[in-house]
Amino acid sequence: MRSVAIVGCATTKFGRSDKDVVGLLAEASLAAMDDAGLDGVRFDDVFVGNMASGEFEGISGLANLLVSELGLEPASAMKVEYTSGSGGAAFRAGWMAVASGQSELALVAGGEKMTSVSTKEATEIIASLAHPWEKAQGVTMPSLAGLLARAYIARFGATREALAAIAVKNHSNGALNPNAHFQKRITIEDVLNSPVISDPLRVYDFCPITDGAAALVLAPVEAQPPAEKSVVVSGIGAATDTQTLQERADVLRMASVRVAGERAYRMAGIGPEDIDVAELHDMATILEVVESEELGFFPPGKGWDAAERGITKLDGPLPINTSGGLKAKGHPVGATGVAQIAEIAQQLQGRCGPRQVEAGIGLACNVAGFGSGSIVTVLRRSDHG
Amino acid sequence: MVSLPAYRCTGCGTVSQPRRARCRQCGRTDVEQVELRRGKLLTFTRVTATRPGYPSPMILCLAEFEYGVKLVAQVDDASPELEMEVRPKVLGARAERTDQPADVVLVRSPPAGCPVAASGRPLT
């Protein structure tokens, strides 16, 4: 297999947009192509990460629409749907196409238009990914996070404030990211006084409903002119877990994150101690904690304490969610996995302005459903030993 | 006593709920029905932002029953506590939800003094 480089990346402004999902995907794709300096070049493959353009906007055939909009015919194209892991799964498809030799140049674009419907309707569309059995009981994604949070606090003696500290951190990072949905810092008190959604979790523990898109251009490393700061995909792993929460041996473990992480580390020939910066799938604050444990950054039951002590802040030893995370940057479902990788690539290249951290190796963890699948990607800057 | 079905693989004995087309441990497709009668509350959450057709607030839980089977279910108790004993109660599907394939399960705490299911060990 060939080594694959990320040669261009971009995201749109996340928030409420007047554009439809095709317009958002086209905007991000054009910016990524521009970033790659590839004016007029022919793409072999286009992969589009999107969950529910049909449900949100009545649009199917999304990959073809994007190819037409960008004039990329006769590139091969497909939409990749993997619920909230759609972006990461589309990236993995693009990586496979280039690594296998099938594709010399691939575009990976992820996007979702969510504000076309009411919050109630959006919650219902997202809840459709739950297993029918659990869905019949009335579960929503936030309610599963509430079950997890109470169990975590009870077993490990975590404080409610530690979870709030994650929201505060991610809002603080988002305030330094001009493309984040929220540009506003918040306090622990703001989190603890916000309305209850699914106790013990409150409004500020959850990501918002957001429109947005992100795109990446992938090419074989061997075809690239030697560049000081090119970004290489050094490891990638994907795995599943049960679709239901109730069938997991331990409600506080996310096996898909653990296994995908192990596979990515093995391919990259590194361990969690080598990661300098990470983007995790913080749909709810508690998930950033559990994922940071499954990826081996902290022992099980210790992730909350690390967050409370500031280990994962921008100036800490392991910055997590420098982009603002899903919490503050926003979670346009199909865009998220692609946007996470774009943030890590830009961190490795030193292009993150006021939220820049020192990093040579970074990790992105994109989660499908409520942990029913995960894609973990490790990126390395080419000049990093 | 009210019970709820779960599905035991005739090959390896693994009990599943909901039923699967194929056993995740041994790959067999044949199952026999077993009954879940008593459990304990592992965790719960009071949901205020509920889906259309569901009460708000509504308490959801994860409870563990015989054979180590766990269920996400509604709780019929305004003040649940972790480790509380629970029993299943199957609700009739409501008209607006007849298209859904699953029974809606509600668990309620039984009278004091009932033995509690221990993980993986049948009480029956």
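All of the numbers you see were taken from the coordinates with simple rules; none came from a lab. Predicted model only: the values in this text are computed from it and were never measured. When we count neighbours, we look across all protein chains shown, and the Cβ atoms used for this are built from the backbone with ideal geometry, even at glycine.
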Q. Projected onto the charge dipole of the protein assembly as shown (+1 at Lys/Arg Cβ, -1 at Asp/Glu Cβ, origin at the Cα centre), which of A:GLY138, A:VAL108, A:PHE370 gives the Cα projection farthest towards the positive end?
A. A:GLY138
Q.
Once you place label points 7 Å from the Cα toward the Cβ at A:ASN193 and B:LEU82, how far apart are they in nm?
A. 2.8
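Between A:GLU124 and A:GLU73, what is 0.36 nm times their sequence separation minus the Cα-Cα distance? Round to one decimal in nm. Show your work: numbers first, answer last.
Values: separation 51, 0.36 × 51 = 18.36 nm, distance 3.56 nm.
Result: 14.8 nm gained on full extension.
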Q) What residues of the stretch A:116-160 lie in the reach of a label at A:LYS302, counting those whose backbone N is under 17 Å from a point 7 Å from the Cα along Cα→Cβ? A) A:156-159
Q. By DSSP, what percent of the beta bridges with both residues in chain A are antiparallel, rounded to the nearest 5?
A. 70
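Let me know the mean shielding of B:73-82 by other chains, meaning the per-residue number of their Cβ atoms within 10 Å of its Cβ. Can you show the working numbers first?
Values: counts 5, 3, 0, 0, 0, 0, 0, 0, 0, 4.
Across B:73-82, the average partner-chain Cβ count within 10 Å equals 1.
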Q: Starting from the Cα of B:LYS89, draw a straight line to each of the lysines and keep only those under 27 Å, dropping any in the same chain fewer than 8 residues away.
A: A:LYS135, B:LYS40, B:LYS70
(Q) Taking each residue in B:48-56, count the Cβ atoms of any other chain within 10 Å of its Cβ, then average. What number comes out? (A) 6
Q. Can you give the FRET efficiency for A:GLU358 and A:LYS13, using 1/(1 + (r/R0)^6), R0 = 25 Å, r = Cβ-Cβ distance, to the nearest 0.05?
A. 0.40
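Remind me, relative contact order of chain A in percent, using alpha carbon pairs under 8 angstrom and six or more residues apart? Write out the running numbers ahead of the final one.
Working: 981 pairs, mean separation 98.4, N = 385.
So the answer I get is 26 percent.
For the residues A:VAL221, A:VAL191, what sequence is obtained by ranking on other C-beta atoms within 10 Å, fewest first?
Details: A:VAL221 17, A:VAL191 23.
The fewest-first ordering by Cβ neighbours comes to A:VAL221, A:VAL191.
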**Q.** For the stretch A:124-203, size of Cβ-based charge dipole, Lys and Arg +1, Asp and Glu -1, in debye
**A.** 160
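Helix-only estimate, please: 222 nm mean residue ellipticity of chain A, summing -39500 (n - 2.57) across DSSP H runs of length 4 or more and dividing by its residues, to the nearest 500. If you can, show how the numbers build up before the last one.
Numbers: 14 runs with 146 residues, N = 385.
The helix-only estimate for chain A comes to -11500 deg cm²/dmol at 222 nm.
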Q | Exercise: per-residue mean of other protein chain Cβ atoms within 10 Å, B:62-69 | A | 2
Q. Hey, got the Cα dimensions of the stretch A:31-158 along the principal axes, in Å, largest first?
A. 56, 35, 26
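Find out how many positive minus negative residues lie around A:SER103, taking Lys and Arg as positive, Asp and Glu as negative, among other residues whose Cβ is under 13 Å from that of A:SER103. Intermediate values should be presented prior to the final figure.
On the way: positive: A:ARG2, A:ARG42; negative: A:ASP44, A:ASP45, A:GLU104.
Here the count lands on -1.
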Q. log10 I(q)/I(0), Debye, Cα-only the stretch B:1-69, no solvent, q = 0.12, 0.20, 0.24, 0.25 Å⁻¹?
A. -0.45, -0.85, -0.96, -0.99
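Give, in nm to one decimal, the length gained when the segment between B:ARG20 and B:VAL90 is fully stretched (0.36 nm per residue of separation minus the Cα-Cα distance). Mind dumping the intermediate values first?
Values: separation 70, 0.36 × 70 = 25.20 nm, distance 1.99 nm.
Working it through step by step, the gained length comes to 23.2 nm.
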Q) If we restrict to alpha carbons, what Rg and Dmax does the stretch A:181-253 come to, in Å? A) 20.6, 54
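Show me A:161-168, A:27-34, A:349-356 ranked by packing, highest mean number of other Cβ atoms within 10 Å first.
A:161-168, A:27-34, A:349-356
Let me check I've understood the local charge: for A:ASP190, count other residues with C-beta under 15 angstrom from its C-beta, Lys and Arg +1, Asp and Glu -1. What total comes out? Before the final figure, lay out the partial values.
Values: positive: A:ARG160, A:LYS169, A:LYS184, A:ARG185, A:ARG202, A:LYS327; negative: A:GLU161, A:GLU189, A:ASP205.
Overall, the nearby charge balance is +3.
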Q) Counting DSSP beta bridges with both partners in the stretch A:240-382, what percentage is antiparallel, nearest 5? A) 70
Q: Could you please state, rounded to a whole Å, how far the C-alpha centre of the stretch A:182-219 is from the C-alpha centre of the stretch A:100-126?
A: 18
Q: Calculate how steeply helix A:255-268 sits against the longest principal axis of the alpha-carbon atoms of chain A, using the helix alpha-carbon long axis, and give the answer as 0 to 90 degrees to the nearest 10.
A: 40
Q) Using unit Cβ charges (K, R positive; D, E negative) and no other charged atoms, how large, in debye to the nearest 20, is the dipole of the stretch A:72-165 about its Cα centre? A) 400
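Normalised by the residues of the stretch A:242-375, what does the relative contact order come to in percent, with Cα pairs under 8 Å and at least six apart? Provide the component values of the computation, followed by the final result.
On the way: 189 pairs, mean separation 44.8, N = 134.
Reported relative contact order: 33 percent.
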Q.
Quick check: net charge around A:PRO200, other residues with Cβ under 10 Å of its Cβ, Lys/Arg +1 and Asp/Glu -1?
A. +2
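Based on the alpha-carbon gyration tensor of the stretch A:87-199 and its eigenvalue square roots a ≥ b ≥ c, which shape applies: rounded if a/c is under 1.5, prolate if not and a/b is larger than b/c, or oblate? Walk me through the numbers on the way to the answer.
Working: a/c = 1.87, a/b = 1.45, b/c = 1.29.
Since a/c reaches 1.5 and a/b is larger than b/c, the shape of the stretch A:87-199 is classed as prolate.
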Q: Starting from the alpha-carbon convex hull of the protein assembly as shown, give the projected area averaged over all orientations, in nm².
A: 23.4
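Neighbouring Cβ atoms within 10 Å as the yardstick, rank A:TYR204, B:TYR7 fewest first. Don't skip to the end; give the middle numbers.
On the way: A:TYR204 24, B:TYR7 19.
In order of increasing Cβ crowding within 10 Å: B:TYR7, A:TYR204.
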Q | Sorted by Cβ neighbour density within 10 Å, fewest at the top, the residues A:PHE14, A:PHE91, A:PHE206 | A | A:PHE206, A:PHE14, A:PHE91
Q. What size of dipole, in debye to the nearest 20, comes out for chain A about its Cα centre when the only charges are +1 on Lys and Arg C-beta atoms and -1 on Asp and Glu C-beta atoms?
A. 560
Q.
Using only the alpha-carbon atoms, how far is helix A:86-99 inclined from the longest principal axis of chain A? Give it as 0 to 90 degrees, nearest 10.
A. 40
